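Here's the structure we're looking at; comments come further down.
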Amino acid sequence: MTHRELDAIGVSDPVLRAAYAECRRLNARHGRTYFLATRLLPLDRRSAVHALYGFARRADDIVDENAAATAEERAAALDVLEDEWRRALRGQAVTDPTVIAAAHTRERLGIPARHFDDFLASMRSDLFVREYATYADLRAYMHGSAAVIGLQMVPVLGTVVPREQAEPYAAALGVAFQLTNFLRDVGEDLDRGRVYLPADLLAASGVDGELLRWSRRTGCHDRRITDALRAAAALTREVYRKAEPGIALLEPGSAPCVRTAFVLYRDILAVIEKEGYPVVHRRAVVGVRRRVSIALPGLTRAWAARAGWRTPAPSGGVSPGARGGRARTLLGRYQSTNVRERT
């Protein structure tokens, strides 16, 4: 499918095509829920999402994936990535495929460069900042790590209102997704020496980082931790409520994608709550069957929306029934190849 996505935006250069293909591979491998939602977009929007995801993933991997490297070594690797990014913005040759694709996407869609600057600054702070004293402190970090991701997506998705009217909702949705990840990944973040849940929220239930680390280390549960996690889930749901009206401001061909991602990510909270907030000890996972049950109606709505704002297929074109069959085939393939994967 990669060649069709790139043909749709007129990319013919083999180096650029290979760069986009690498970003698509990263999205498919690491962001499976996100990738599934992206499949609901029109062909000419998908490659931009892959590029933005690939660049963000590359920076995130530098910060988190090489546990044997020191913070200084990871900072040096981030320096290399940032230098490549600056050179790409100046039109100079670079080698990192995620930089090549993201820089092309940024220029093609007019995404402000400051969003990438803010993102890289937050990634750099991850190397040295381990805890956040207040929710306000965490929000300042999430502006660069999450809100700007939503802002980058606005030109990709398109809007039915002036772009600046949709941006606050897009930023809020980025924050809601990241708060969900923070809650889901409490245990894994503890293993990396980080506590993203703000200390003031934890302290309201009598919890601190040491209690969380004790629980992770021993496997023991504590009611105070459950209360704190419940409060974090409630806070996250409130951010989802603030973000949701923005979906209606997106172009009809894009809204079903975002709606699907919205429901799938919010479902993670429901699973966490249903399972009794186990996240200090293990991830809560939304099952593949549930993901498919949400994505299939989204795919149907996406095709219906495109039929309404694009020229109808000529006589002999694909029938609605055939579209439905294709949707079931696509999602069945996703289900069969991702049974063991996590959200």
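The values are calculated or read from the model by the stated rules, or taken from the named source; none is laboratory data. Since the structure is predicted, the reported quantities are computational estimates derived from the model, not experimental observations. Cβ placement follows ideal geometry from the backbone for every residue including glycine, while neighbour counts extend to all protein chains displayed. Surface accessibility is based on the protein's heavy atoms, side chains included, excluding ligands, DNA and RNA. Shrake-Rupley method; radii C 1.70, N 1.55, O 1.52, S 1.80 Å.
Quick notes
- Yes/no for residue 163 being free of Cβ contacts under 8 Å to residues at least 12 places away in the same chain and more than 22 Å from residue 250 (Cα to Cα): no
- If you go through the stretch 89-108 and keep only what is among the charged types (D, E, K, R) and either in contact (Cβ under 8 Å) with a residue 40 or more places away in the chain or assigned to a helix (DSSP H, G or I) (or both), you end up with 106, 107, 108.
- Residue check for residue 46: in contact with a helix residue (DSSP H, G or I) (Cβ under 9 Å, 6 or more places away or on another chain), among the basic types (Lys, Arg) and buried (at least 20 other Cβ atoms within 10 Å of the Cβ): yes
- Pair list, Cβ under 9 Å, 6 or more apart: the stretch 221-242 residue under 14 Å from residue 269 (Cβ atoms), other residue among the small types (Gly, Ala, Ser) and open to solvent by 40 Å² or more (accessible area, probe 1.4 Å): 231/204
- Take the conditions (1) at pLDDT 95 or above; (2) among the small types (Gly, Ala, Ser); (3) open to solvent by less than 10 Å² (accessible area, probe 1.4 Å); (4) more than 29 Å from residue 158 (Cβ to Cβ); residue 276 misses just one of them, which is (3).
- Matching residues in the stretch 36-75 - criterion: being closer than 15 Å to residue 256 by Cβ, out of contact with any Leu (no Cβ under 8 Å at 6 or more places or on another chain) and charged (D, E, K, R): 46
- Test: residue 34 is at pLDDT 95 or above and in a helix (DSSP H, G or I): no
- Exactly one residue out of 72, 82, 65, 22 is modelled with pLDDT under 95 and within 23 Å of the chain's Cα centre (by Cα): that is 65.
- Any hit, the stretch 186-193, residues being at pLDDT 95 or above, under 18 Å from residue 134 (Cβ atoms) and surrounded by fewer than 20 Cβ atoms within 10 Å (Cβ to Cβ): no
Here's the yes/no breakdown for (1) within 24 Å of residue 134 (Cα to Cα); (2) open to solvent by less than 10 Å² (accessible area, probe 1.4 Å); (3) acidic (Asp, Glu):
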residue: 199; (1), (2), (3): yes, no, no
residue: 202; (1), (2), (3): yes, yes, no
residue: 227; (1), (2), (3): yes, no, yes
residue: 233; (1), (2), (3): yes, yes, no
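- If you go through the stretch 46-84 and pick out every residue that is aliphatic (A, V, I, L, M), part of a helix (DSSP H, G or I) and without any contact (Cβ under 8 Å) to a residue 12 or more places away in the chain, you end up with 2.
- Test set (1) over 29 Å from residue 252 (Cβ atoms); (2) open to solvent by 40 Å² or more (accessible area, probe 1.4 Å); (3) of a type in the set (D, E, K, R) - residue 96 fails condition number: (2)
- Qualifying residue in the stretch 56-63 (condition: within 28 Å of residue 193 (Cβ to Cβ) and in contact with a His (Cβ under 8 Å, 6 or more places away or on another chain)): yes
- Qualifying residue in the stretch 236-255 (condition: modelled with pLDDT under 95 and aromatic (Phe, Trp, Tyr)): no
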